[in-house]
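The values are calculated or read from the model by the stated rules, or taken from the named source; none is laboratory data. Keep in mind the model is a prediction, meaning the values are calculated, not measured. In this analysis, Cβ positions are derived from the backbone assuming ideal geometry, glycine residues included, and neighbour counts consider all displayed protein chains. The accessibility values were calculated without ligands, DNA or RNA, using every heavy atom of the protein model including side chains. Shrake-Rupley method; radii C 1.70, N 1.55, O 1.52, S 1.80 Å.
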Amino acid sequence: MKKKLLSMQPDIEPILKMNEPYTPVPEDFEKAAESEKESFITKAKSVSYWADAWRRLRKNKVAMVALVVIIMLFLFAFIGPLFTNYSYSIQMRGEENWPPFWEKPSDSVLRKAEQDGITFNKWLHPLGTDNLGRDNLTRLMYGTRISLSIGIVATLIVVIIGSIVGSIAGYAGGAVDVVIMRITEIIYSVPDILIVLLLSTALKATLTEYINSSTGWWPQFLNTLGGNLVGIFITFGLIYWVSMSRIIRGQVLMLKQQEYVTAARALGASSGRIIKRHLLPNCIGQLVVTACLQIPSAIFLESFLSFLGMGVSAPLTSLGSMASDGLSGLYTYPYRLVVPAVILSVLILSFNLFGDGLRDALDPRLKK
């Protein structure tokens, strides 16, 4: 039946053909080519947990800028002293309280430097010298190195103690969990600074006596650090593991109910093996984030104690001790206080911002 011209009646022939059964043809039974198979089945690229976290972290511009700043400060602290002509303890007589010196030194200064075995490239003292004639830029590099080292080492101590205590409390449960949590609550309720000051003062005499009465490379290394700094390491490890242990305990309480833990227990695995091989590896995200946020706390605590004169021992320096030395000449030499204070602030802020970005990247609930 043909459709009439200008008729509103639809053409039903194509619709009726759609309902007719399909008659196979020989071409339908031919094998598909390899190119057709690859185009038909698309496999998604397998992405690991850390690769996916890095992908999300790169999208966080604030965290990436903070990471670049941290890397630059690491290079400044650990690579920078290789390109300087001084040490943090060298005192140059006649060059006390020099202002920032960017120009080529005079002939008399060059002759004196040649006698002392010092060579110059383009400048003498870019940040001037302190009241003892020590180069401020070199001391700033070493001070940043000490602050970073203290933050990292103290955080590692906290991670080790906190992860062990938290995993034992969460996995054992019962009376063990109750006793450990009550101890952590008692420590958490006491002001941190008060305990640090008391323990540092109490340990200083014992450590000093041990250093003076012993021989070998280890007492010599402790003598370089000073009794105050070693006491800070010990007290930091004894106190600041509380927050880490509470976080790990919460994760272990959740993870120990999983099927793989039940299977490992059914196969006869010991509690230590289950904690070491199954529980702690699955808490690595929380460990990394908490450790990254703990580093600025350790740096600030050391700088605060060094500012009060209870940190590193002279001639060793840190950002806090440099700020304390610069405070006495604030009106005459303000850059002595401003420069280490700015670096300390930028360092702590960068670690905090990078830790926040790392927490967002490692959180599976924020995965897109």
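Tabulated data for the structure shown
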| read-out | value |
| --- | --- |
| Tally, over segment 170-200, of residues that are surrounded by 11 or more Cβ atoms within 10 Å (Cβ to Cβ) and at positive phi | 1 |
| Test: residue in segment 331-347 that is under 27 Å from A53 (Cα atoms) and in contact (Cβ under 8 Å) with a residue 40 or more places away in the chain | yes |
| Segment 22-44: number of residues that are open to solvent by 90 Å² or more (accessible area, probe 1.4 Å), outside any helix (DSSP H, G or I) and at pLDDT 70 or above | 3 |
| Residue list for segment 152-168, filter: buried (at least 24 other Cβ atoms within 10 Å of the Cβ) and of a type outside the set (V, I, T) | A154, G162, S163, G166, S167 |
| Residue within segment 289-301 that is open to solvent by 40 Å² or more (accessible area, probe 1.4 Å), in contact with a helix residue (DSSP H, G or I) (Cβ under 8 Å, 6 or more places away or on another chain) and more than 30 Å from I193 (Cα to Cα) present | no |
| Helices (runs of 4 or more DSSP H) contained in segment 216-264 and holding at least 2 residues at pLDDT 85 or above and crowded, with 17+ Cβ neighbours inside 10 Å | 241-255 |
| Tally of residues being over 29 Å from A361 (Cα atoms), of a type in the set (A, V, I, L, M, F, W, C), touching a Leu at 6+ places or on another chain (Cβ under 6 Å) and part of a helix (DSSP H, G or I) across segment 272-325 | 2 |
| Test: residue in segment 147-165 that is within 27 Å of G311 (Cβ to Cβ) and in contact with an Asp or Glu (Cβ under 6 Å, 6 or more places away or on another chain) | yes |
| Scope segment 169-215; condition under 25 Å from R249 (Cβ atoms) and not hydrophobic (A, V, I, L, M, F, W, C); matching residues | G170, Y171, G173, G174, D177, R182, T184, E185, Y188, S189, P191, D192 |
